[in-house]
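The values are calculated or read from the model by the stated rules, or taken from the named source; none is laboratory data. Remember, it's a predicted structure, so these values are computed and weren't measured experimentally. Positions of Cβ are generated from backbone atoms using ideal geometry, with glycine treated the same way; all protein chains shown enter the neighbour counts.
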Amino acid sequence: QSVLTQPPSASGTPGQRVSISCSGSSSNIGSHTVNWYQQFPGTAPKLLIYSNNQRPSGVPDRFSGSKSGTSASLAISGLQSEDEADYYCAAWDGSLNGVVFGGGTKLTVL
Amino acid sequence: QVQLQESGPGLVKPSQTLYLTCTVSGGSISSGGYYWSWIRQHPGKGLEWIGYIYSSGSAHYNPSLSSRVTMSFDTAKSQFYLILRSVTAADTAVYFCARDVVGYSWIDPWGQGILVTVSS
């Protein structure tokens, strides 16, 4: 059971906009920034969004993040087949004094 | 840029101790501002934070594993280590080492991961 809650799956067709939610609590998302990771099968996760809505160099601006209260969201616009991957949200947790992750959302491009 | 690489056994027997090494290149593990972290992923499952060690030598572990985990580092070798005692089949996972920015939990970069199977 993950500390942060994400839907197990999401899907969309090419060109569509999809959104993935991440729900937490006051000890994590409510008081710390949210980061998102993208993982392809057999590879390590890659930092996709940091500090709620910042993109590392090289990440397309089709990816965006937002946070409100104890929830966060990752949006992908202009969906492409290469976006098919697992997406994880994460945040620092002040009670754990460590990082907590969501259970991951498998994105399928139909 | 900084790169991390895990190494260690791919197979460990139940009740034994797992020793993993993470070698850091392109940067110094003695520089402040980063937590040098271990994260694991059970087959087909999500990510689980194991813990971190800081350049001061202080470490913090996930309470669910803290009784069995120790982390350390060797700055001369630019390596940090994970020791997991009394392993069981439930410890079978891909283990990643990674760098985490203090205060922000920006985990980047990650090592490629090493699959550790616990089996007799």
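Computed quantities for the displayed model
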{"read-out": "Flag if A:LEU79 is surrounded by 20 or more Cβ atoms within 10 Å (Cβ to Cβ) and not in a strand (DSSP E or B)", "value": "yes"}
{"read-out": "Residue that is farthest from the chain's Cα centre (by Cα) [pool: residues in region B:71-107 that are part of a strand (DSSP E or B), over 17 Å from B:ILE50 (Cβ atoms) and free of Cβ contacts under 8 Å to residues at least 24 places away in the same chain]", "value": "B:TRP106"}
{"read-out": "Scope region A:81-102; condition more than 8 Å from chain B (Cβ to nearest Cβ) and either without any contact (Cβ under 8 Å) to a residue 60 or more places away in the chain or of a type in the set (Phe, Trp, Tyr) (or both); matching residues", "value": "A:GLU82, A:ASP83, A:GLU84, A:ALA85, A:ASP86, A:TYR87"}
{"read-out": "Scan of region B:31-78 for residues that are exposed (fewer than 13 other Cβ atoms within 10 Å of the Cβ), over 21 Å from B:ALA89 (Cβ atoms) and away from chain A (no Cβ under 12 Å), ordered by number", "value": "B:SER31, B:GLY32, B:GLY33, B:SER56, B:GLY57, B:SER72, B:ASP74, B:ALA76, B:LYS77"}
{"read-out": "Selection count, region B:71-101, where residues are at pLDDT 95 or above, within 24 Å of B:VAL2 (Cβ to Cβ) and of a type in the set (Val, Ile, Thr)", "value": "2"}
{"read-out": "In region B:18-29, the residues that are in a loop (DSSP other than H, G, I, E, B) and surrounded by 13 or more Cβ atoms within 10 Å (Cβ to Cβ)", "value": "B:GLY27, B:ILE29"}
{"read-out": "Hits in region A:52-110 - residues which are more than 22 Å from B:GLY46 (Cα to Cα) and of a type in the set (Lys, Arg)", "value": "A:ARG55, A:ARG62"}
{"read-out": "Qualifying residue in region A:68-78 (condition: within 27 Å of B:TYR61 (Cβ to Cβ) and either more than 14 Å from chain B (Cβ to nearest Cβ) or at pLDDT below 95 (or both))", "value": "yes"}
{"read-out": "Residues that are more than 10 Å from chain B (Cβ to nearest Cβ) and either touching a strand residue (DSSP E or B) at 6+ places or on another chain (Cβ under 8 Å) or buried (at least 16 other Cβ atoms within 10 Å of the Cβ) (or both), drawn from region A:50-60", "value": "A:ASN52, A:ASN53, A:ARG55, A:VAL59"}
{"read-out": "Output for region B:79-105, where each listed residue is of a type in the set (Val, Ile, Thr), under 23 Å from A:GLY103 (Cβ atoms) and facing chain A (nearest Cβ under 9 Å)", "value": "B:VAL94"}
{"read-out": "Top-ranked residue of region A:29-40 - restricted to ones that are farther than 13 Å from A:SER71 by Cα and facing chain B (nearest Cβ under 10 Å), ranked as surrounded by the fewest Cβ atoms within 10 Å (Cβ to Cβ)", "value": "A:GLN39"}
